[in-house]
Amino acid sequence: MSGVWVFVENHDGQINTIAREAIGAARMVADELGEDLTGLVFGEGVRDVADDAFDLGCDEVIGADDATLKDGRVEAVGPLVVEVAQEHEPSVIIAGASARGRDLTSWVAADLDAGLVSDCIALEVDGETVKTTRPVYAGKLLSTVFVTGGTQVVSLRGRAFAPAQSMGGSGTADWIDPVVSEDDIPSKVVGFEEKGGGVSLADASIIVSGGRGVGGPEGFDPVRELAGVLGAAVGASRAAVDAGWIPYEHQVGQTGKTVSPDLYIACGISGAIQHQAGMRTSKIVVAINKDPEAPIFKLAQYGIVGDLFEVLPALNEAFSERLS
């Protein structure tokens, strides 16, 4: 077995942010192993995406350009990855741990009877083995996990790795045909609807979140104002979502989104273990809470004990002045 593969997830002719991160991590792994890096570019109208994959550091590209692959349905993409993997036998397959990437890596690992390590936040090459670091027990511990023998399938948590930058590479992709027809795919995509608006939680470098302490839907107004000043995404705890104060797509935690921003500001969030599971890997955590014994303070690098309705306006004023 040889060669490192990376799934180049794309949408509307653009490589997704999490795929750029996966390419950057896969490039490091390939260099450490002394192997070529192959990008998997599947979709409709993806010829330019293949060129971008070369530019970001892929040595080779295997591509498929077909309407059945347009929306990234795993029933179409999975069998194609499995077929080419059985033919070429890569040593490592890497993808971002997006919804699409998690589906794909699970499908591929199952059909290849390969080991899968998901949601990794660090990679290290030891001989011919890729040793991964991933959070366990709701993020309270970090474990080292690796696959012994066969193809190693790995998915990477978003914002845990630096995205690949332009390297000026170029090449000619190897274009192949899909292996599943439209009639054989049980799921159909009827359209896409943007949810939440503003900055995406998955891509955000700064997140301002509100919890039960905001007191109601109107309590998110100062949270949104601070997010607007900082160019941040708006998050929420499960308690705030369950109360109907903010839509589910803003929920951070074990039953919501897992995020890894550079800065996470928790406003009126007590910090239950389920919430910490979704934001524990944030680089800097700032907690604002009236209760000095709130669990969130144990996780935070900076804590403000006070009323968020007094603290947030002061922060808004200070940041607005500083950032102007």
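The values are calculated or read from the model by the stated rules, or taken from the named source; none is laboratory data. Please read all numbers here as calculations on a predicted model, not as lab measurements. A quick note on method: Cβ atoms are made from the backbone with ideal geometry, for glycine too, and the neighbour counts reach across all protein chains shown. Side chains are part of the model used for accessible areas, which takes the heavy atoms of the whole protein and leaves out ligands, DNA and RNA. Shrake-Rupley method; radii C 1.70, N 1.55, O 1.52, S 1.80 Å.
Hey, got a sec? Which chymotrypsin sites (Phe, Trp or Tyr not before Pro) in the range 1-91 land in a DSSP loop and have at most 12 other Cβ atoms within 10 Å?
Here no loop site has a sparse enough neighbourhood.
How much area per residue is accessible in the chain when the probe is 1.4 Å and only protein heavy atoms are counted (Å²)?
47 Å²
Quick one: angle between helix 74-88 and the longest Cα principal axis of the chain, in degrees between 0 and 90, rounded to 10, please.
Relative to the chain, helix 74-88 is tipped by roughly 50 degrees.
Pairing the Cα long axis of helix 220-230 with the longest principal axis of the chain, what angle in degrees results, from 0 to 90 and rounded to the nearest 10?
The two axes meet at around 60 degrees.
Cα extents of the range 145-262 along the three principal axes, largest first, in whole Å?
55, 40, 34
Ordered by residue, what ³J(HN,Hα) values in Hz, to whole numbers, does the range 96-110 give under the Karplus form 6.51 cos²θ - 1.76 cosθ + 1.60, where θ = phi - 60° and Gly and Pro are x?
Karplus-based 3J(HN,Hα) across the range 96-110 equals x, 8, 6, 4, 5, x, 5, 4, 5, 5, 5, 4, 5, 4, 5 Hz.
So who's got an amide H within less than 5 Å of the one on Gln152, skipping anything under 5 residues away but keeping other chains? H placed 1.01 Å off N, in plane.
So Gln152 has HN proximity to Val92, Ile93.
Just the Kirkwood number for the range 180-324, please: inverse of mean 1/r across all distinct Cα pairs, in Å, one decimal.
Value: 15.7 Å, from the Cα pair sum.
Calculate what fraction, in whole %, of the accessible area of the range 1-109 sits on carbon and sulfur atoms when a 1.4 Å probe is rolled over the protein chains.
On the way: 1460 of 3840 Å².
Looking at the range 1-109 in its full context, I get 38 percent from C and S.
Would you compute, for the Cα atoms of the range 1-106, the largest minus smallest coordinate along each principal axis and list the three values in descending order, in whole Å?
35, 27, 22
Quick one: which of 223-230, 309-316 comes out on top by average Cβ neighbours within 10 Å, and what's the full order, highest first?
By packing density, highest mean first, the sequence is 223-230, 309-316.
Compute the distribution of all C-alpha to C-alpha distances in the chain, in bins of 10 Å from 0, and list the percent of pairs in each, rounded to whole numbers.
6, 25, 29, 22, 14, 4, 0
Quick one: Debye curve from the alpha-carbon atoms of the range 10-57 only, equal weights, vacuum; give me log10 I(q)/I(0) at q = 0.14, 0.21, 0.24 Å⁻¹ to two decimals.
With no solvent term, the Cα-only Debye profile gives -0.33, -0.69, -0.85.
Counting only protein heavy atoms and a 1.4 Å probe, tell me what percentage of the range 198-309's accessible area is made up of carbon and sulfur.
52 percent
Using the Karplus curve 6.51 cos²θ - 1.76 cosθ + 1.60 with θ = phi - 60°, work out ³J(HN,Hα) for each residue of the range 63-68 in order, rounded to whole Hz, and write x for Gly and Pro.
Here the 3J(HN,Hα) series is x, 9, 10, 7, 4, 5 Hz.
Would you kindly find the accessible area of Leu40, with a 1.4 Å probe and non-protein molecules such as ligands, DNA and RNA excluded, rounding to the nearest 10 Å²?
0 Å²
Just for the Cα atoms in the range 74-176, what are the lengths along the principal axes, largest first, rounded to whole Å?
Reported extents, whole Å, longest axis first: 44, 35, 30.
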